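J.: Shown below is the structure under consideration.
The values are calculated or read from the model by the stated rules, or taken from the named source; none is laboratory data. Note that the structure is a prediction, hence the values are computed from the model and not measured. Cβ sites come from the backbone with ideal geometry, for glycine too, and all protein chains shown count toward neighbours. Ligands, DNA and RNA are excluded from the accessible area calculation, which covers all protein heavy atoms including side chains. Shrake-Rupley method; radii C 1.70, N 1.55, O 1.52, S 1.80 Å.
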Amino acid sequence: MKYNKSNLEVKALAKHIRMSSHKARRVINQIRGRSYEQALMILEFMPYRACYPILQLISSAAANASNNLNINKANLIISEAKVDKGTVLKRFQPRAQGRGYPIHKPTCHITIIVKSRSQ
């Protein structure tokens, strides 16, 4: 099967990541449109907890492109990166005099789409 390698997109998706979508979006906005190697370097040195799952996801997308479509990782760019809100885990924290305060633990879904850089 022949592919036109300039238009191919490879997608990686992580669901129910236990962090706020705002915090993940802060990191995703820094790497959108960058090359694969540049995104790895940026994520390596950013001080946020959201960097590690995003780094894993970008590595997974690059591995998918390399193994399934034989695209060189050096030619990849992050064409699309988005963070959507997931479900909220609702818990109760016991407080004084028998009260219970609600605790909301947000989750998010992260989608990374990489494609080959046009030569």
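J.: At 10 °C and a viscosity of 1.306 mPa s, what translational diffusion coefficient does Stokes-Einstein give for the chain, taking Rh as the Kirkwood radius over Cα pairs? Give it in µm²/s as a whole number.
T.: My calculation gives 102 µm²/s for D.
J.: Ignoring ligands, DNA and RNA, please state the percent of accessible area on the chain from carbon and sulfur, probe 1.4 Å.
T.: That share works out to 48 percent.
J.: Calculate, for His104 and Lys82, the FRET efficiency according to 1/(1 + (r/R0)^6) with r their C-beta to C-beta distance and R0 25 Å; round to the nearest 0.05.
T.: Calculated transfer efficiency: 0.70.
J.: Let me ask something additional. Return the single residue from Arg91, Arg99, Arg26 with maximal mean-square fluctuation; model: Gaussian network over the chain, springs between Cα atoms under 10 Å.
T.: It is Arg99.
J.: Report, in deg cm²/dmol and to the nearest 500, the calculated mean residue ellipticity at 222 nm for the chain, where each DSSP H run with n ≥ 4 adds -39500 (n - 2.57) and the sum is divided by the residue count.
T.: -10500 deg cm²/dmol
J.: Name the lysines eligible as straight-distance cross-link partners of Lys11: C-alpha to C-alpha under 29 Å, and not fewer than 8 places from it in the same chain.
T.: Answer for Lys11, where 29 Å is the Cα cut-off: Lys2, Lys23, Lys73, Lys82, Lys85, Lys105, Lys115, listed by chain and number.
J.: Would you look at the GNM of the chain, springs on alpha carbons closer than 10 Å, and say which of Leu69, Leu55, Leu13 moves the most?
T.: With Cα springs under 10 Å in the chain, the top fluctuation among Leu69, Leu55, Leu13 is at Leu69.
J.: Could you order Thr87, Thr111 by accessible surface area, starting with the largest, using a probe radius of 1.4 Å?
T.: Accessible-area ranking of Thr87, Thr111, largest first: Thr87, Thr111.
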